[in-house]
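Engineer: Before I ask anything, here is the structure I am working with.
Values in this text are rule-based calculations from the coordinates and carry no lab data. Predicted, not measured: the structure shown is a model, and the values here were computed from it. Note that we place each Cβ from the backbone using ideal geometry, even for glycine, and neighbour counts take in every protein chain shown.
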Amino acid sequence: MLEDGLYEQLVNQLLKEKINDGSKIVDTRELSEEDASRTLSRYVAEVVELGMNSCNNVSSKIQMANNLIENLQLQTNENSLSSFAIPLEKINDKGTVGALELLSVSGRENNVRTVNDNVKPVRPQTSLVESSLFTGSEKEPSMFAELQKEILTADRIDMLVSFIRCAGIRLIYDQLKLFTGRGGKLRIITTSYMGVTEAAAVEKLAELPNTEIKICYETKHVGLHAKAYVFCRNTGFSTAYIGSSNLSQKAISYGLEWNLKITRKELPETFDKVEETFDIYWNSSDFEIFSLDGKSRLIQALKQEKQRGSSILKGGCYLFEVRPYNYQQEILDKLQAEREVRNNYHNLVVISTMIIMQSLATQAFSALLRG
């Protein structure tokens, strides 16, 4: 008997018998062409794992995987699929047969073996292909220790944090210095919101080579509260930490923070969205490039944010600036073009008063919340 509630799974033979007994009201939908490959491959992966659990040893599981690959190759006539077969390897002197996993590749200058060839490369303790959750528990790696290793093994790093503190920077600064020193590109987005960010911390980061920092000074309208650390690798094994930790000592060491580590291999669509959204922010006019020459502006902005404290109250009214939304700005731009380009000053714009009131109410409520 199926439990009442929501589902999202393929109807197999077992489910078909259960939903056709007439005892329940059932809602289904047709599997679309667009989603078929992803949905079916995910389903088959689950079934394959169930089947492999019944195998007694690794070599028989490898053989099962190779049989599946061979069948796919025969059914699709894609000869290239045969190259995905897994070779059986002799693992040790006892004659054990299994498979190998590639963990790293590094260049050897002039193809000469050195004394460092047997040194294991740095790598995060958590997986590069499976997601994991960091909660600050003693039973899991510390957030900053994993960030240190992620930094040292990345090719490009993007950070999106509301607050940056000197104590937080100190925990990962040596790794960032090594990363940027070898040519790694570092981009950071932050904000002056509430005056929590320390100018000295931003300045120290800006002194690193190959580093760009953008800051949102317009904190009244841009509610930047996201935290993300994105580590892109040319190998395709990119990772990202998304959650509640700002770049402060407490947040990335011992605080009760939750951060989800996602991997490109497991969640490619989600990872694409992370990168695309970061680029949208980076290219937005709301975020301005920071330079050491202009650090006085940051210092002043942080000072003003601290002085603001709660929303400024004057004469019993909250003061806030009315700013048009994107769709409103588009209308204003068209009006401006009519006047300045076509010299038409008799224009009519029809808009619901409800929309206007909702817009004003939303901005007023946001101002109160920020206070």
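Engineer: Can you put Cys166, Cys232 in order of Cβ neighbours within 10 angstrom, beginning with the fewest? Don't skip to the end; give the middle numbers.
Structural biologist: Details: Cys166 17, Cys232 20.
Final ranking by Cβ density, sparse to dense: Cys166, Cys232.
Engineer: Between Glu212 and Gln63, with labels modelled 7 Å along Cα→Cβ, what's the label distance in nm to one decimal, could you check?
Structural biologist: 5.5
Engineer: In percent, what relative contact order does segment 104-234 have, based on Cα pairs under 8 Å that are 6 or more apart in sequence?
Structural biologist: 27
Engineer: Next up: Ratio of alpha-carbon Rg to the 2.2 N^0.38 Å globular estimate for segment 167-324, to two decimals, please.
Structural biologist: 1.14
Engineer: What residue among Ser82, Leu332, Pro268 has its Cα farthest toward the positive end of the dipole of the chain, where the charges are +1 on Lys, Arg and -1 on Asp, Glu, each on the Cβ?
Structural biologist: The listed residue farthest towards the positive side: Leu332.
Engineer: Ok, one more. What is the gain in length, in nm to one decimal, between Arg170 and Val97 on full extension, counting 0.36 nm per residue of separation less the C-alpha to C-alpha distance?
Structural biologist: Roughly 21.6 nm would be gained on extension.
Engineer: Right, something else. State the Cα centre-to-centre distance between segment 15-69 and segment 134-194 in whole Å.
Structural biologist: Spelled out, the Cα-based centre of one part sits 39 Å from the other.
Engineer: Also, quick follow-up: Give the average over all directions of the projected area of the C-alpha convex hull of the chain, one decimal, in nm².
Structural biologist: Orientation-averaged projected area of the Cα hull: 32.5 nm².
Engineer: Now for a separate question. Could you tell me how many degrees, from 0 to 90 and to the nearest 10, lie between the Cα long axis of helix 268-282 and the main elongation axis, the longest principal axis, of the Cα atoms of the chain?
Structural biologist: It works out to around 20 degrees.
Engineer: With a 10 Å Cβ neighbour count serving as the proxy for reagent exposure, in which order, fewest first, do Ser83, Ser60, Ser244 appear?
Structural biologist: Neighbour counts put them in this order, fewest first: Ser83, Ser60, Ser244.
Engineer: Now for a different question. Measuring from a point 7 Å past the Cα of Ile19 along Cα-to-C-beta, which residues in segment 38-58 have an amide N at less than 20 Å?
Structural biologist: Taking a point 7 Å out along Cα→Cβ of Ile19, the residues of segment 38-58 whose backbone N falls under 20 Å are 38-47.
Engineer: What's the extension gain from Leu72 to Leu267 if we count 0.36 nm per residue and subtract their Cα-Cα distance? Don't skip to the answer; put the middle values down first.
Structural biologist: Working: separation 195, 0.36 × 195 = 70.20 nm, distance 2.36 nm.
Between Leu72 and Leu267, full extension yields 67.8 nm more.
Engineer: Let's see if you can work this out: charge +1 on each Lys and Arg Cβ, -1 on each Asp and Glu Cβ, no other charges. What is the dipole magnitude of segment 46-98 about its Cα centre, in debye to the nearest 20?
Structural biologist: In total the dipole reaches around 200 debye.
Engineer: What is the distance, in nm, between label points placed 7 Å from the Cα along the Cα-to-Cβ direction at Ile299 and at Thr277?
Structural biologist: So the label points at Ile299 and Thr277 sit 3.5 nm apart.
Engineer: Determine the relative contact order of the chain: mean sequence separation of Cα pairs under 8 Å and six or more apart, normalised by residue count, in whole percent.
Structural biologist: That works out to 14 percent.
Engineer: Using a simple charge model, +1 on the beta-carbon of Lys and Arg, -1 on the beta-carbon of Asp and Glu, nothing else, what dipole does the chain show about its Cα centre, in debye to the nearest 20?
Structural biologist: Dipole of the chain, to the nearest 20 debye: 1520 debye.
Engineer: Then there's this: What ³J(HN,Hα) values, in whole Hz, does the Karplus curve 6.51 cos²θ - 1.76 cosθ + 1.60 give for segment 50-66 when θ = phi - 60°, with x put for Gly and Pro?
Structural biologist: Calculated HN-Hα couplings, in order: 4, x, 5, 4, 8, 6, 7, 8, 5, 4, 5, 5, 5, 4, 4, 4, 5 Hz.
Engineer: Order these by the 10 Å Cβ neighbour count, fewest first: Leu152, Leu247, Leu332, Leu14.
Structural biologist: Ranked by crowding around the Cβ, least crowded first: Leu14, Leu332, Leu152, Leu247.
Engineer: Turning to a different aspect of this structure: Ignoring everything except DSSP H segments at least 4 long, calculate the 222 nm mean residue ellipticity for the chain; use -39,500 (n - 2.57) per segment, divide by total residues, nearest 500.
Structural biologist: That comes out to -12500 deg cm²/dmol.
Engineer: Cα to Cα, under 24 Å, and not fewer than 8 places away if on the same chain: which lysines meet these conditions relative to Lys90?
Structural biologist: Of all the lysines, those that pass the test against Lys90 - Cα under 24 Å, at least 8 places apart if same chain - are Lys61, Lys120.
Engineer: Nearest 0.05, what FRET efficiency do Lys334 and Leu31 give at R0 = 51 Å with Cβ-Cβ as r?
Structural biologist: Efficiency at R0 = 51 Å is approximately 0.70.
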